[in-house]
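Beneath this line is the structure, given in structure tokens, with notes to follow.
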Amino acid sequence: MNKKVFLGALTVAGLTAGAAAAATLDDVKARGKLNCGVTTGVPGFAAPDANGNWDGFDVGLCRAVAAAVFGDGNAVEFVPTTGKTRFTALASGEIDMLARNTTWTFSRDTDLKFDFLGVNYYDGQGFLAPKALGVASAKELDGARICIQTGTTTELNLADFFRANSMSYEPVPIETNAEGQQQYLAGACDVYTTDASGLAATRAAFENPSDHIILPEIISKEPLGPLVRHGDNDWGDIVRWTLNALIAAEELGVTSANVEELSAGTGNPEINRLLGAEGTLGAMIGLDPAWAKNAIMVGGNYGELFEKNIGENTPIGLARGLNGQWTDGGLLYSPPFR
Amino acid sequence: MSPLSEPPRESFRLNMLLNDTRFRSYTFQLVALILLVAAFGYLGSNLMANLRAAGLNISYNFLGDPAGYDINQRLVEYDSQSSHWRAAVVGILNTLLVAFLACVTATLLGVFAGVLRLSKNWLVRKLMAVYVEAFRNVPVLIWIIIIFTIMTAVLPAPSAFRGDAATASMPFNAFAFTNRGIYMPAPVFGPGAAFLAAILAASVIGIFAFKRYATKLLFDTGRLLPTFWPSVAIFFLPTILMFFVLGRPVSLDFPELTRFNFQGGINIQSPLIALWFALAIYTGAFIAENVRAGIQAVSKGQTEAAASLGLRPNRIMNLVILPQALRVIIPPLISQYLNITKNSSLAIAVGYMDITGTLGGITLNQTGRAIEAVLLLMLFYLSISLSISALMNIYNKSIKLKER
């Protein structure tokens, strides 16, 4: 598989001779659709439904960007990527943006030459353990066998956590979430660790979710967000401000239900600027004046996407927590639209 | 009267490069070589230019950085603070370990099945045919996953060994077969163990000396000494004797159930077992066919001639047929060994941390150095494969038909 990636990278590097720095927006427009990298399937975040339509929280962001550019949330080609292939796919130009539970870290932002454009989910690494094991805290896991997805930051956090607490463990590397679930349920590993949101999503799919607990320790910061290639700031701006538009829309009370009505003009100048009734924000990033309206219309604002895909009323059942608006004590804080 | 003159010495002219058959082929080959080098040079510089344009510079500095991740099966000292290079070495050793185990097992299995495929017993013959056809016609990846899944699903978890109502037990209190692997006692070497090892080595040399003596005796006097049982005795007796004389310098460390796991002893993890057996039975089926072909390539007259000399079937096989068959068997066997080594890269399917899993997996991913890591991987597999070929070719030369 790696060889294929490598050859693919060579081919792409050969074909796009020098064009890598050219405007991504022009490429996307010429192609007529957005190539968006997503996971190979994490329920709630990005997974194809029975009809093959991609759905989920990250998918919602891809559709919003596509709607901002084309006015059509379906003008997206979803490219499933694994933890291993995602960066190569983005660096080689196979995808225009990556929205795939990817943790924003220093080295990925600088050394790997990507631009993270914000955070769409504040996560942290947790542990899932069977209740029968009688473990109440991650500090009691000395000597445990731990299933862990390879090629993720969680692998490094885990090593750090156990080293800092002078404990030993045995890592059981697994490739996909499904494999981890199977190994964990068969008892081949004592504990399963990944981002707490992923654990909740995984546990929701168990036969008896109540037999398993997520340990209280969150051992890392995992700000998950969309990213693009370094060097094309115009394209980066579009994705960044589409995400901000979804967050600001929630703060301003703009939803998919009332966006049509509000776009005609309201008494709130910020809503007017956001939805294109006032000012020329769309033109500044080379898009239609109704770009943000289109983005909100396709799946709703940030809060709507959250509730529909991973919120408390879904099988995933995640509380807003850190991912609430700053006005509600969360961390979401969009810069002003001005 | 003209004196015999030397044939006219034509001085070299440039057009001879094209018109003279002595030079023409060199000219064309040189031109082709230059074109080839130029083509590769162009592709290489094009690649480098585009990589630079895409912001991907080739650098191997990351190999010295701390890896930051842990590996479950380590044959050398390694922790998460060791370098990426060290992690690659751990991976290389794991690859070599599983390749070696699988090569040995596949050879034994293959020779066994190959010989039995020619058995006169209908049932045995057909059973071996079923083995060969079933195993070589299903992709090895499927076999790896099947064995691994069966191991994790059927064998008990360590928690089943716990408590009064334990549903699983340890044979001899020494072995535990769990879905995480097999735990068994490990030898602990005390003082005097080195001496014991020396005795063992001396016994092995003794066995070879004895066999040479037996052969010499056979050639000189025609007397046939039994070799099997004396060899077994030479191997075991002195070592066991010295073991007690020295006061048991080697003790055993038994695995014990702790809170989560068995600790102590030797742990053969289930990914290694799954990969090892899958590669061995899969490739063993191919080797069986090679062996059968090799045996059938020896003309039937050889068997009949040997039989007419009064040799028993076993001896005919060992002394007459197999040595000749080996000449046919070895060359395809080399490529089977190479296949095992290369197929061991499927380890990632069961989470076995071979070189593809460490350097080509986690390191590649954590550092994002895909091209560097994959180039290094290719270099590694290439050098291992070429080394195996070289060794096997030396062996092949040694058993070649020697014409006197």
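The values are calculated or read from the model by the stated rules, or taken from the named source; none is laboratory data. Just so it is clear, the model here is predicted, and its values are computed rather than measured. Neighbour counts run over all protein chains shown; Cβ positions are idealised from the backbone, glycine included. Note: areas computed on protein heavy atoms with side chains; ligands, DNA, RNA excluded. Shrake-Rupley method; radii C 1.70, N 1.55, O 1.52, S 1.80 Å.
For a quick check of understanding: with a 1.4 angstrom probe and all protein chains in place, what accessible area in square angstrom does A:Ser166 have, to the nearest ten?
My reading of the accessible area for A:Ser166 is about 100 Å².
At 7 Å along Cα-to-Cβ for each site, give me the label-to-label distance between B:Lys211 and B:Met378 in nm.
Output for this residue pair reads 4.2 nm.
Using a Förster radius of 41 Å, what is the FRET efficiency between B:Ala39 and B:Ser83 based on their Cβ-Cβ separation? Nearest 0.05, please.
Working: r = 37 Å, r/R0 = 0.91.
The pair B:Ala39/B:Ser83 has a calculated efficiency of 0.65.
Grab the DSSP H runs of the protein assembly as shown that are 4 residues or longer, score each as -39,500 (n - 2.57), total them, divide by all residues and round the 222 nm result to the nearest 500 deg cm²/dmol.
On the way: 26 runs with 369 residues, N = 742.
Taking each H run of at least 4 residues, the total per residue is -16000 deg cm²/dmol.
For B:Gln296 paired with B:Val138, estimate the spin-label separation in nm (one decimal), with each label point 7 Å from Cα along the Cα-to-Cβ line.
So the two model labels end up 2.5 nm from each other.
Can you compute the radius of gyration and Dmax for chain A, using only the Cα atoms, both in Å?
Rg, Dmax (Cα atoms, Å): 20.7, 63.
Where the centroid of each part is defined by its Cα atoms, how far is region A:158-195 from region A:256-330 in Å?
One Cα centre to the other: 38 Å.
Multiply the residue separation of B:Tyr60 and B:Phe28 by 0.36 nm, subtract the distance between their alpha-carbon atoms, and state the gained length in nm to one decimal. All intermediate terms of the calculation are to be shown ahead of the outcome.
Working: separation 32, 0.36 × 32 = 11.52 nm, distance 3.94 nm.
Extending this stretch completely gives an extra 7.6 nm.
With the Cα gyration tensor of region A:232-300 in hand, give its eigenvalues times 5 under a square root as the equivalent ellipsoid semi-axes, listed largest first in whole angstrom. Write down the numbers at each step before the final one.
Details: eigenvalues 71, 35, 19 Å².
Sorted largest first and rounded, they come to 19, 13, 10 Å.
Could you order the peptides B:15-22, B:312-319 from most to least packed, using the average number of other C-beta atoms within 10 Å per residue?
Working: B:15-22: 10.8, B:312-319: 12.9.
Going from most to least packed, we get B:312-319, B:15-22.
Treating the beta-carbon of each Lys and Arg as +1 and of each Asp and Glu as -1, no other charges, what is the dipole magnitude of chain A about its Cα centre, to the nearest 20 debye?
Numbers: 24 positive and 40 negative charges, 121 e Å.
In total the dipole reaches around 580 debye.
Taking a probe of 1.4 angstrom, what is the accessible area of A:Tyr184 in Å², to the nearest 10?
Around 10 Å² of this residue is reachable by solvent.
Could you tell me what a quarter of the Cα convex hull surface of the protein assembly as shown works out to, in nm² with one decimal place? If you can, show how the numbers build up before the last one.
Numbers: hull surface 208.7 nm².
The number I arrive at for the protein assembly as shown is 52.2 nm².
Where does the charge balance sit around B:Ala113 when Lys and Arg score +1, Asp and Glu -1, over other residues with C-beta under 15 Å from its C-beta? Intermediate results must be reported in sequence, preceding the final value.
Values: positive: B:Arg117, B:Arg125, B:Lys126, B:Arg136, B:Arg292; negative: B:Glu133, B:Glu289.
With Lys, Arg at +1 and Asp, Glu at -1, the neighbours total +3.
Pairs of Cα atoms under 8 Å, at least six residues apart: use those to get the relative contact order of chain B, whole percent. Before the final figure, lay out the partial values.
Values: 446 pairs, mean separation 87.3, N = 404.
In percent, rounded to a whole number, it is 22.
Would you mind checking the pairs A:Lys221/B:Lys342; B:Lys300/B:Lys400; B:Lys342/B:Lys397; B:Lys300/B:Lys402; B:Lys120/B:Lys211; A:Lys29/A:Lys221 and listing those with alpha carbons more than 30 angstrom apart? Each step should come with its number before you reach the end.
Details: A:Lys221/B:Lys342 39 Å; B:Lys300/B:Lys400 20 Å; B:Lys342/B:Lys397 24 Å; B:Lys300/B:Lys402 21 Å; B:Lys120/B:Lys211 32 Å; A:Lys29/A:Lys221 36 Å.
Among A:Lys221/B:Lys342; B:Lys300/B:Lys400; B:Lys342/B:Lys397; B:Lys300/B:Lys402; B:Lys120/B:Lys211; A:Lys29/A:Lys221, the Cα-Cα distance tops 30 Å for A:Lys221/B:Lys342; B:Lys120/B:Lys211; A:Lys29/A:Lys221.
Normalise the Debye intensity by I(0) for region A:130-169, one equal point scatterer per Cα, no solvent, then take log10 at q = 0.23 Å⁻¹ and round to two decimals.
Result of the Debye calculation: -0.82.
What's the angle, to the nearest 10 degrees (0 to 90), between helix A:57-70's Cα axis and the longest principal axis of chain A?
Around 20 degrees separate the two axes.
Between A:Ser256 and B:Arg259, what is the FRET efficiency for a Förster distance of 56 Å, r being their Cβ-Cβ separation, to the nearest 0.05? Mind dumping the intermediate values first?
Working: r = 51 Å, r/R0 = 0.91.
Rounded to the nearest 0.05, the efficiency is 0.65.
Evaluate the relative contact order of region B:120-263 (contact order divided by residue number), counting alpha-carbon pairs under 8 angstrom at least 6 apart; express in whole percent.
Details: 116 pairs, mean separation 38.1, N = 144.
For region B:120-263, the relative contact order is 26 percent.
Run a plain Debye calculation on region A:125-220 (Cα atoms as equal point scatterers, no solvent) and give log10 I(q)/I(0) at q = 0.10, 0.14, 0.16, 0.17 Å⁻¹, rounded to two decimals, same order as the q list.
-0.21, -0.42, -0.56, -0.64
What Kirkwood hydrodynamic radius, in Å, does region B:76-169 give when the mean of 1/r is taken over all pairs of distinct Cα atoms and then inverted?
Values: mean 1/r = 0.0571 Å⁻¹.
Evaluated on region B:76-169, it is 17.5 Å.
Report the residues of region A:174-196 in range of a label on A:Met167: point 7 Å along Cα→C-beta, backbone N strictly under 16 Å from it.
Answer for this model: A:189-194.
What number, in nm² with one decimal, is the all-direction average of the projected area of the convex hull of the alpha-carbon atoms of region A:285-338?
If you wrap the Cα atoms of region A:285-338 in a convex hull and average its projections, you get 4.7 nm².
Would you mind getting the Kirkwood hydrodynamic radius of region B:186-253 from its Cα pairs, rounded to one decimal in Å? Don't skip to the end; give the middle numbers.
Values: mean 1/r = 0.0748 Å⁻¹.
13.4 Å is the Kirkwood radius here.
May I ask for the net charge around B:Val188, where only other residues with Cβ less than 12 Å from the Cβ of B:Val188 are counted and Lys, Arg are +1 while Asp, Glu are -1? Intermediate values should be presented prior to the final figure.
Values: positive: B:Arg248; negative: B:Asp253.
Local charge sum for B:Val188: 0.
Would you calculate the separation in nanometres between label points at B:Val76 and B:Lys402, each defined as 7 Å from the Cα along the Cα-to-beta-carbon direction?
3.9
Report, in degrees rounded to the nearest 10, the 0 to 90 angle that the Cα long axis of helix A:177-186 makes with the longest principal axis of chain A.
Rounded to the nearest ten degrees, it is 20.
In Å², rounded to the nearest 100, what is the total accessible surface buried by chains B and A against each other with a 1.4 Å probe?
Values: alone 25300 and 15090 Å², together 36720 Å².
Counting both chains, the buried surface is close to 3700 Å².
Helices from chain B with mean Kyte-Doolittle at least 1.0 and a Cα length along the axis of 18 Å or more, per DSSP H: which?
Working: long enough: B:21-53 (48 Å, 0.86); B:84-116 (47 Å, 1.81); B:122-136 (21 Å, 0.66); B:140-154 (21 Å, 2.89); B:193-221 (41 Å, 1.34); B:228-245 (26 Å, 2.06); B:270-297 (40 Å, 1.10); B:322-343 (30 Å, 0.42); B:370-398 (42 Å, 1.37).
Length and hydropathy pass: B:84-116, B:140-154, B:193-221, B:228-245, B:270-297, B:370-398.
Taking each pair of different alpha-carbon atoms in chain B once, compute 1/r for the pair, average those values, and report the inverse of that mean as the Kirkwood hydrodynamic radius in Å to one decimal. Can you show the working numbers first?
Details: mean 1/r = 0.0371 Å⁻¹.
In chain B this quantity evaluates to 27.0 Å.
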